[in-house]
Amino acid sequence: MNNTKNVVVLASGGGTNLQALIDAQHRGELGSGKITCVVASKADAYALTRAKDNGIKTRTLIRKDYDSVEKYSEDMRDILLEEKADVIVYAGFMTILGDAVCDTFKDKMVNVHPALIPSFCGKGYYGLHVHEEALKKGVKVSGATVHFVTAECDAGPIILQKAVEVKDDDTPETLQLRIMQEAEWKILPQAVALLCDEKIEIKDGKTFIK
């Protein structure tokens, strides 16, 4: 098929969300998308191993080698253009990229956030911090959100959300794992497939699934 979309995944760590995408691809659930490259911001990111184990090309652009996010964003943009990225997925990618990338790939980049946006999101809300805050507030449900990436953290149009029950004896770690298993690993591949198959329309900052 000529209409295959190149999916480039950006990662910083273990790559569990990348693995969910790879597994979905093996099951034929990424629509017309194909993961063609994984770019990591750390040389020791386990996501690179996951990619290599599945025959996916890897590249690194080390964040700590850069003084400014602007220059890092420009070099990332160049890599993404070289890789002919049609869709870009943040999978545990810890850098908020600037306008160089966000303008070039407008409405082509998605991220999964481990809460129901607009709750527990924005700068500083990542990893276990999100779940610590959710438990502090005593919320009864949390979950995950897949949204478009903009230069403003966690502010892009929402594509999919899935709620997950919070249990009385939850710790940040148990809640994190349940949200990954029940929400993140399900809705991220779904959203990527929708985007690759051009089934998402954005109107007035809101998305509509065709």
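Tabulated values for the structure
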item	result
Projected-area mean, the chain, by convex hull of Cα positions, square nanometres	11.5 nm²
Residues whose placed amide H lies under 5 Å from that of Leu160, excluding near-sequence neighbours	Val146
Furthest towards positive pole of dipole, Leu195, Leu160, Ala24, structure part the chain, Cβ charges	Ala24
Order by protection proxy (mean Cβ within 10 Å, highest first), peptides 98-111, 52-65	98-111, 52-65
The chain: DSSP helices with Cα axial extent of at least 20 Å and average Kyte-Doolittle hydropathy no lower than -1.0	none
Extended-chain gain in nm, criterion 0.36 nm per residue less alpha-carbon gap, Tyr46 and His129	27.8 nm
Residue list for the stretch 47-85, given a label point 7 angstrom along the Cα-to-Cβ vector of Ala151 and an amide N cut-off under 11 Å	70
Test item: Cα-centred dipole of the chain, Lys/Arg +1 and Asp/Glu -1 on Cβ, debye	380 debye
Calculated FRET value between Thr60 and Leu81, using beta carbons and R₀ = 22 Å, to 0.05	0.80
Potential extension, Lys162-Asp204 segment - 0.36 nm per residue separation minus Cα distance	12.9 nm
Too-long pairs where the Cα-Cα distance tops 28 Å, listed order kept, from Lys108/Lys162; Lys42/Lys203; Lys5/Lys52; Lys64/Lys203; Lys106/Lys162	Lys42/Lys203; Lys64/Lys203
Amide H partners (placed H, <5 Å) of Val149, local residues excluded	Met109, Val110, Asn111
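Every number here is computed from the coordinates shown, using simple stated rules; none is lab data. Note that this is a predicted model, so its numbers are computed, not measured. Quick reminder, even Gly has a Cβ in these numbers, built from the backbone with ideal geometry, and neighbours come from all protein chains shown.
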